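Below is one structure, written out as structure tokens, with a few remarks after it.
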Amino acid sequence: MVIRVFIASSSGSVAMKKRQQDIVRFLEANKIDFVEVDITMSEEQRRWMYKNIPKDKQPSQGNPLPPQIFSDDEYRGDYDSFFESKESNTVFTFLGLKPSLASKESEP
């Protein structure tokens, strides 16, 4: 299983960059293997991301913005979904991974 975080490295939005960094730092700190996919470097990857985000998760106007998270080809969510799972200590479930021993999710 591969966690893929879709980012935009050349975004002028400071908020977007901070959100992308927040996800990447969390995954690195928790030793969760992932791949960054930069949609500004690959038109094919950008189109793939847009196409694979469920219709009910897309904004009413425009295209969905990074960061977007997938587990293999399964959509997991955007930054807000990630943040909610982080706050409730359920990130491993959110990502489709087995809970770590330090996680609230691993408690009986």
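The values are calculated or read from the model by the stated rules, or taken from the named source; none is laboratory data. Remember, predicted model here, so these are calculated numbers, not experimental data. All Cβ positions, glycine included, derive from the backbone under ideal geometry; neighbour counts span all protein chains shown.
Say whether the condition of being modelled with pLDDT of 95 or more and of a type in the set (Gly, Ala, Ser) is met by at least one residue in the range 47-60.
For the range 47-60, residues modelled with pLDDT of 95 or more and of a type in the set (Gly, Ala, Ser): absent.
Do you know which of the residues in the range 47-63 that are in contact (Cβ under 8 Å) with a residue 12 or more places away in the chain and of a type outside the set (Phe, Trp, Tyr) is nearest to Phe6 (Cα to Cα)?
Let us first name the residues in the range 47-63 that are in contact (Cβ under 8 Å) with a residue 12 or more places away in the chain, namely 49-50, 52-54, 57, 63.
Still in the running and of a type outside the set (Phe, Trp, Tyr): 49, 52-54, 57, 63.
Numbers: Met49: 8, Asn52: 12, Ile53: 11, Pro54: 15, Lys57: 15, Asn63: 13 Å.
That would be Met49.
Can you work out which of the residues in the range 65-108 that are assigned to a helix (DSSP H, G or I) and more than 14 Å from the chain's Cα centre (by Cα) is modelled with the highest pLDDT? Show your work before the answer.
The first filter runs over the range 65-108 and keeps only residues assigned to a helix (DSSP H, G or I), leaving 79-87, 91-95, 104-106.
Imposing the further condition that a residue be more than 14 Å from the chain's Cα centre (by Cα) reduces the set to 87, 104-106.
Numbers: Glu87: 96, Lys104: 53, Glu105: 49, Ser106: 50.
For the range 65-108, the residue satisfying everything is Glu87.
Answer yes or no: is there a residue in the range 58-68 that is surrounded by fewer than 18 Cβ atoms within 10 Å (Cβ to Cβ), in contact with a Pro (Cβ under 7 Å, 6 or more places away or on another chain) and not β-branched (Val, Ile, Thr).
yes
Condition first: surrounded by fewer than 12 Cβ atoms within 10 Å (Cβ to Cβ) and within 11 Å of the chain's Cα centre (by Cα). Now tell me which residues in the range 5-38 satisfy that. Working first, answer last.
First pass over the range 5-38, keeping only residues surrounded by fewer than 12 Cβ atoms within 10 Å (Cβ to Cβ): 10, 12, 14-15, 18, 25, 28-29, 31, 33, 35.
Correct list: Val35 only.
Residue pairs, Cβ under 9 Å, 6 or more apart or interchain, first in the range 81-93 and closer than 21 Å to Gln58 by Cα, second outside any helix (DSSP H, G or I) and among the aliphatic types (A, V, I, L, M). List them.
Final answer for the pair search is Ser81/Ile69; Phe82/Ile69.
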